[in-house]
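Input: a single structure, listed below in structure tokens.
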Amino acid sequence: MVLPTVAALLHCFLLADLIQSAPTISPANWPADSSAALRAAAERVKTLVEKILRDVPAAHAATVTIEGLTLDSAHTTNLQMMVTSLGIPAAPVLKPPSERFTLDVCMSRMSAGSRLYQRLLGDLSDRLSGLSDLQADLRDLQTHIRKMEEAAHLDVADQNQSLDLASRLHSNYELQVAAHLTLTQLRSFSHDLIRSLRAVATYRPQPAGAR
Amino acid sequence: MISTSMSVIVVLVALVNGARNEDDIQPCAKIQTSSSVVHLGSPVTASCVIREDCPLVIGRAVHILWRLGDRFLPSSPVANESGRVSEVVIPSFNHTREFLTCCVRTSTYQVLEGVEIRAGYPPEAPQNLSCQTNLTTPNTLTCSWDPGQQETLLDTEYTLHTEIRDSNENHTYELLPGVHRYTIPRYGFVLFSDVKIYVKAVNELGEATSAPIILEPVSSAKFDPPTILKIQAVPKRYGCLKLSWSLSQQQVWMRNLQLNLEVRLTTADSSQRREQPILVNRVRPTRSVDRCRLLHGTQYLAQIRVRYQQSPWSEWSSSQSGVTLESAPTGRLDSWMRVSGDHMNKQHNILLFWKPSKQFRANGQNVSYIVSVKKQPGEDGKVCSTMGNYCTFQLPGGAKKVYLSAVNAAGKSSPTEVRIYLPKARAVISDVTVIPQDDRSLLVQWRSLLSSSLTGFVVEWSPLLQTDLFFTQFELTARNQTLLVITDSFEPYKPYGISVYPRFKDGIGLPQTVNAYSRQKAPSMVPKIQIKKIGKSHVEFTWDEIPLNQRNGIIQNYKVFYCDTKGPISVVNADLEKRRVVLRDLNTVSLYEAFMMVSTFGGSLNGSTIHFEIDSFDTVAVVAIVPVSVIGLFFMVIFIAMTSFSNNKRLKGHFWPAVPDPANSSIKRWTSESTQGSHLSLDNEEPNPMYLSHLSFLDDPVKLSKEDDDPWLSAEDTSDLGESICGSPFIPGYSGSNSDSVPYVTVTFSGPCSSPTPKDPHVYLRSESTQPLLETEESFSPKCYHNIASVGMQSEQRFFGPSHDSVPERVADPGILCDDFPFLRALSLRHTEID
């Protein structure tokens, strides 16, 4: 019962947010404060993701000096063993919302991804300078995803995975490869976030009676 | 006495040291104070307790003293304590820090213990806390505050506290002493979450906290100036411009935020500025902004600025220009004309000025104007076409009105009808005055006679230093309006001609014209004073007009200051129109100096000083007397001439012998009387060196012994003879005249010329030699003197001619010779006296 409501809300608010001239449509049974809060949080999430996408190249340039490791290089496929050995988890998978990939799953993946990269960057920034601003951006992102969840009355469990990345970073090479992999994955995840937010904006859940 | 005291001190120090060694170094006394840090000016109480085993007090009466800094304080011993306890009360502690010491009296005093007491104020709550976010790299949040008016006088620590509610983060930042601002790094704030910020001040007397502020960091960011990407006309929408813009490159990530935008549009020609910015709320840089209700066909300059919610506005962007769609001009044109020519024959020359009325809209950028005698548009009837604001044309016969239209690329305005008003010789305007209001406006006032046919007035003005009619402006007023503030770009210190014309039902009356300045200053030059006339006791000065471009204002007066070397300075005001002044009652033979000061309403300038002197006689009198004198003299000359013709001999006797011409003279005819009168003076004026350039007088050799004593033969005494005698060979070193050889004559006689019967005949020898009077005369010396005996032959030509032989010719009558030659006569007299 909750899911269709959330979907309708997100649809209304994000659509209204992305298309300025569209009138804001609020469900009659939904408090006006909540809808405004959700809309504001969604707007800010998008803005923060844009900021992260802008800051990643600068952070990469500041931390990774290994020749050939660039954000746009194809080395990532050659670093699968390093990904495994360093224990860098893959980013949560985001998909366009559908009946199978529901909005609460989507929101929880967004939240989990932001937490994941915030912690990874936290481990890295202890030993590398140039990542603290990005780390702060991710903290902000996580804060506002949580506010979205609160506005939508979603109760997403905070799954704190143990990473312990720092204990596996023995050399500077490993450190830089870890930073490269983290930033590359973060950029990819950020693009997925943008796509997901757009998809949510255009997603029209089927009425309950249509099922 | 001193040695005794010193020994006591040494003993006491030894005893104290001994006590320390035994008791693990404890002070002899202990001071307790109410507080070691107090409010400035508050009372301080202290007590001093001396240990019983202190060597200084064992077995002795103790007198405890208190010292604050270097002065003793009054104190009282505490009862029942055997004098080893003392208390002191400082009613008002007015030092920021001072040492309070407890002493005992010895021969001088000994300090037992001391404490430091500090005073000040508790901190005031920090004021005016404000924070601003910097969204360029690195992102920071900088807060600043005022510490409070009162100096605490104590060390005060400030800490900045932040509480982020959304992330439950609290931060405390310790601040450097004396610095009342702090920059919070990026991790210290969440961009889109409210953060509570306050400042706490703490010192030993207390603490105070500023009023907290709650802000969203992005809402406190001053954005970089945005950029206008493009500004263009909206197709098919007149008076609209579409404006595309973006945030700065560093802040483009906020493009999805709903921002507030202000658009400032001004017309490019600044004639119709629209200063009031237009606020556009809740826009995103991703979408363009349309502004409408603008003038058609007008170039606008646009600037924008941006902010998020209530954040400070960014600076204005750089300008971009755009042109709205063009349409045909609308509205009427105000016009004014001057008509000249032969009105009887209806030959009218029209000078027509126009300007846009308030309702007129050019609606295009390149507007031209057409004057036509026909209302319908077309080449037929067109008398004038120009881009300017006036045109001149000759009115076709019979036409009583013309039509004025504005044209641009999009079309033509409906024509404005202009009636031809002929000039009338009616003057109803008087007392035109102009008062500057400010640099851009003048108040024109005038008086007008009441006339039923009067319909209004025209005020026309133009810069007098610009001859182009383009600069002529005008304003129309109603008949009951006799004052007008005219606004134009009036240049200061430049003259403007302002005319007020009356408008009648049937024509234009005679104008009144004045010159005016928006601002005046002293003239740039002072004309040069010219002395026109100097009289017996007065002098008249004149001067040229100051060129218009150097007047810098309306000439108020010319003042001439003058004085002589002794007298006080006098001032005379000159006639403004005639530019002349007469200085009267001047002293003669005094040197005067004078200068002129020219004043406008904006200042004065002094000219250069001239000097002049008043003559003792009147120039006018001289001018009157001289012609009369000349005429009188002329008549006198005529009279004398007639008299002399009537008595030729007498005339010659008086005038002609002025220069003795031996060739035309007869010695016998010279009389001593004639030579003593006019002869000498005339001789001085016009010597005749050719004929008598050298004259020497020689006696016979027997008389030479007396020559030395003869003053007539001395060079010094013969100056009256002029160069002839000065060139005498008796003067040593004489080189003669320009010629090496000098013609001269030698008169030789053997006795005094006055002797009635000379024994030896006198001989004239003409000579020309550098060595005259030597033994032998040259061969070309005159052989004879033809006119010696020719009395009564004056009319005949007489001259020194070469003699036919070298033998001197004897003079027939020496007595006559002496009479005609006065010097010879004088010589003869001298010889007679000597004899």
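The values are calculated or read from the model by the stated rules, or taken from the named source; none is laboratory data. Note that this is a predicted model, so its numbers are computed, not measured. Glycine gets a Cβ as well: all are built from the backbone with ideal geometry, and neighbour counts include every protein chain shown. Ligands, DNA and RNA are stripped out before the accessible areas are found, and what is left, the full protein with its side chains, is counted by its heavy atoms. Shrake-Rupley method; radii C 1.70, N 1.55, O 1.52, S 1.80 Å.
So here's what we get for this one:
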quantity	calculated
Only listed residue being open to solvent by less than 60 Å² (accessible area, probe 1.4 Å), at positive phi and assigned to a strand (DSSP E or B), chosen from B:Gly341, B:Gly322, B:Gly297	B:Gly341
Residues within the range A:75-108 that are in contact with a Cys (Cβ under 8 Å, 6 or more places away or on another chain) and not hydrophobic (A, V, I, L, M, F, W, C), tallied	2
Residue under evaluation B:Ser462, criteria (1) touching a helix residue (DSSP H, G or I) at 6+ places or on another chain (Cβ under 9 Å); (2) open to solvent by less than 40 Å² (accessible area, probe 1.4 Å); (3) within 23 Å of B:Val373 (Cβ to Cβ), criterion not met	(3)
Verdict on A:Asp104 being within 14 Å of another protein chain (Cβ to nearest Cβ) and within 28 Å of A:Ala36 (Cα to Cα)	no
Matching entry among B:Leu65, B:Leu100, B:Leu56 (being assigned to a loop (DSSP other than H, G, I, E, B) and assigned by TED's automatic domain parsing to the domain that holds B:Pro27)	B:Leu56
Candidate set: the range A:186-203, residues that are open to solvent by 20 Å² or more (accessible area, probe 1.4 Å) and more than 20 Å from A:Tyr117 (Cβ to Cβ); chosen: the one modelled with the highest pLDDT	A:Arg198
Single residue of the range A:141-150 satisfying the filter (out of contact with any Asp or Glu (no Cβ under 9 Å at 6 or more places or on another chain) and either within 9 Å of another protein chain (Cβ to nearest Cβ) or open to solvent by 10 Å² or more (accessible area, probe 1.4 Å) (or both)) that is farthest from A:Leu103 (Cα to Cα)	A:Gln142
The range B:355-414 - residue that is part of a loop (DSSP other than H, G, I, E, B), within 30 Å of B:Gln299 (Cα to Cα) and of a type in the set (A, V, I, L, M) and, of those, farthest from the chain's Cα centre (by Cα)	B:Ala410
Unique match (being open to solvent by 60 Å² or more (accessible area, probe 1.4 Å) and assigned to a strand (DSSP E or B)) among B:Asn557, B:Asn515, B:Asn549	B:Asn515
Residues that are at pLDDT below 90 and buried (at least 19 other Cβ atoms within 10 Å of the Cβ), drawn from the range B:374-400	B:Val383, B:Leu395
Subset tally (residues that are under 30 Å from B:Asn515 (Cβ atoms) and surrounded by fewer than 11 Cβ atoms within 10 Å (Cβ to Cβ)) for the range B:577-612	3
Scope the range A:80-99; condition within 21 Å of A:Gly113 (Cα to Cα) and among the hydrophobic types (A, V, I, L, M, F, W, C); matching residues	A:Met82, A:Val83, A:Leu86, A:Ile88, A:Ala90, A:Ala91, A:Val93, A:Leu94
Some residue of the range B:213-220 being within 51 Å of the chain's Cα centre (by Cα), away from chain A (no Cβ under 14 Å) and either within 30 Å of A:Ser125 (Cβ to Cβ) or small (Gly, Ala, Ser) (or both)	no
When residues of the range B:249-271 are limited to those that are farther than 13 Å from B:Gly322 by Cα, more than 12 Å from chain A (Cβ to nearest Cβ) and not in a strand (DSSP E or B), the one least open to solvent (accessible area, probe 1.4 Å)	B:Ser270
Residue list for the range B:418-442, restricted to those being part of a strand (DSSP E or B) and open to solvent by 30 Å² or more (accessible area, probe 1.4 Å)	B:Arg419, B:Leu422, B:Pro423, B:Ser430, B:Asp431, B:Thr433, B:Val434, B:Ile435, B:Pro436, B:Gln437, B:Asp438
Residue, modelled with the lowest pLDDT, within the range B:560-576, restricted to residues that are β-branched (Val, Ile, Thr) and open to solvent by 40 Å² or more (accessible area, probe 1.4 Å)	B:Thr565
Among residues of the range A:48-65, those that are of a type outside the set (A, V, I, L, M), open to solvent by 40 Å² or more (accessible area, probe 1.4 Å) and at the interface with chain B (Cβ under 9 Å from one of its Cβ atoms), counted	1
Candidates B:Thr133, B:Thr172, B:Thr162, filtered to the one that is touching a His at 6+ places or on another chain (Cβ under 6 Å), crowded, with 16+ Cβ neighbours inside 10 Å and assigned to a strand (DSSP E or B)	B:Thr162
Tally, over the range A:115-137, of residues that are within 17 Å of the chain's Cα centre (by Cα), more than 16 Å from A:Ala166 (Cβ to Cβ) and within 11 Å of chain B (Cβ to nearest Cβ)	4
So B:Val190, is it within 14 Å of another protein chain (Cβ to nearest Cβ) and under 30 Å from B:Asp146 (Cβ atoms)	yes
Residue list for the range B:522-537, restricted to those being part of a loop (DSSP other than H, G, I, E, B), open to solvent by 50 Å² or more (accessible area, probe 1.4 Å) and modelled with pLDDT under 90	B:Lys536
Matching option when the condition is closer than 30 Å to B:Lys200 by Cβ, more than 14 Å from every other protein chain (Cβ to nearest Cβ), open to solvent by less than 40 Å² (accessible area, probe 1.4 Å) and at pLDDT 90 or above, among B:Thr101, B:Thr142, B:Thr152	B:Thr142
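Here is a yes/no grid of residues against (1) modelled with pLDDT of 75 or more; (2) surrounded by 23 or more Cβ atoms within 10 Å (Cβ to Cβ); (3) farther than 26 Å from A:Gly68 by Cβ; (4) not hydroxyl-bearing (Ser, Thr, Tyr):
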| site | (1), (2), (3), (4) |
| --- | --- |
| A:Leu131 | yes, yes, no, yes |
| A:Asp155 | no, no, yes, yes |
| A:Thr184 | yes, no, no, no |
| A:Pro205 | no, no, yes, yes |
